[in-house]
1. I'm trying to understand the selection: among the residues of the stretch 44-103, which are among the β-branched types (Val, Ile, Thr), closer than 20 Å to LYS144 by Cα and in contact with a Cys (Cβ under 8 Å, 6 or more places away or on another chain)?
2. Criterion first (among the hydrophobic types (A, V, I, L, M, F, W, C), at pLDDT 95 or above, on the phi < 0 side of the Ramachandran plot and open to solvent by 20 Å² or more (accessible area, probe 1.4 Å)) does VAL55 satisfy it?
3. Here is a list: THR174, THR124. Which entry is open to solvent by 40 Å² or more (accessible area, probe 1.4 Å), in a helix (DSSP H, G or I), in contact with a strand residue (DSSP E or B) (Cβ under 7 Å, 6 or more places away or on another chain) and closer than 22 Å to GLY45 by Cα?
4. Just checking, how many residues over the stretch 17-40 are in a strand (DSSP E or B), within 12 Å of the chain's Cα centre (by Cα) and farther than 13 Å from VAL82 by Cα?
5. So how many residues does the stretch 141-171 have that are at pLDDT 95 or above, open to solvent by less than 30 Å² (accessible area, probe 1.4 Å) and not in a loop (DSSP other than H, G, I, E, B)?
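The values are calculated or read from the model by the stated rules, or taken from the named source; none is laboratory data. None of the values given here were measured: they were computed from a predicted structure. Positions of Cβ are backbone-derived with ideal geometry, glycine not excepted, and every protein chain shown enters the neighbour counts. These accessible areas exclude ligands, DNA and RNA; they are computed on the full protein's heavy atoms, side chains included. Shrake-Rupley method; radii C 1.70, N 1.55, O 1.52, S 1.80 Å.
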Amino acid sequence: MSLLQGKNLFDVSGKVVLVTGAGSGLGEGYALAFGESGATVLCAGRNLQRLEHTVTEITNNGGSAKAYQVDVTDLSSIQSLVAAAVQDYGRIDVLVNNAGISYIGLLQDMSSEDWERMLHVNLTSVFNCCKLAIPYMVRQKQGKIVNVSSVWGVVGASCETAYSATKGGINALTKALAKEL
């Protein structure tokens, strides 16, 4: 059953959709739903085997997809991803920033390294993907960006302070970026 079944959020038939974190969880569900809706799905993430599984599921259902192994915390990796997507398909019509991690535990027990990693995976990756995809969308005079957040970004969650902070950052980034664009 499709994650978006019965929901016509917007027509993606014939569009090129880039989904980060497409190898598992919600990202895989989004990728499959976009594939079922007639989009060409560019599945990006760190685990190539999982991405290829997602691509196989999409193509077995008659869709079109390609896997791109990428580290969303590395700007040069994102630059290569966007360049390859544009080279392979000529455009990016929809960007879905879904990649994310969580840390469950008390903030006082969280290491600085874990904090930095969460910021880079959950928030900086959204900034980098948007920054690099936007020029192509502006040139096309169209495009959509979907930044995946969480209710914890609005209300906060005990023992998920850092996660809540990054998701709140995504919410603020999305609102401000919508005004810019």
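1. Once the filter is applied, which keeps residues that are among the β-branched types (Val, Ile, Thr), closer than 20 Å to LYS144 by Cα and in contact with a Cys (Cβ under 8 Å, 6 or more places away or on another chain), the stretch 44-103 yields VAL72, ILE78, VAL82.
2. When the stated conditions are applied, VAL55 passes them.
3. THR174
4. Residues flagged as in a strand (DSSP E or B), within 12 Å of the chain's Cα centre (by Cα) and farther than 13 Å from VAL82 by Cα within the stretch 17-40 amount to 0.
5. Selection size over the stretch 141-171: 8.
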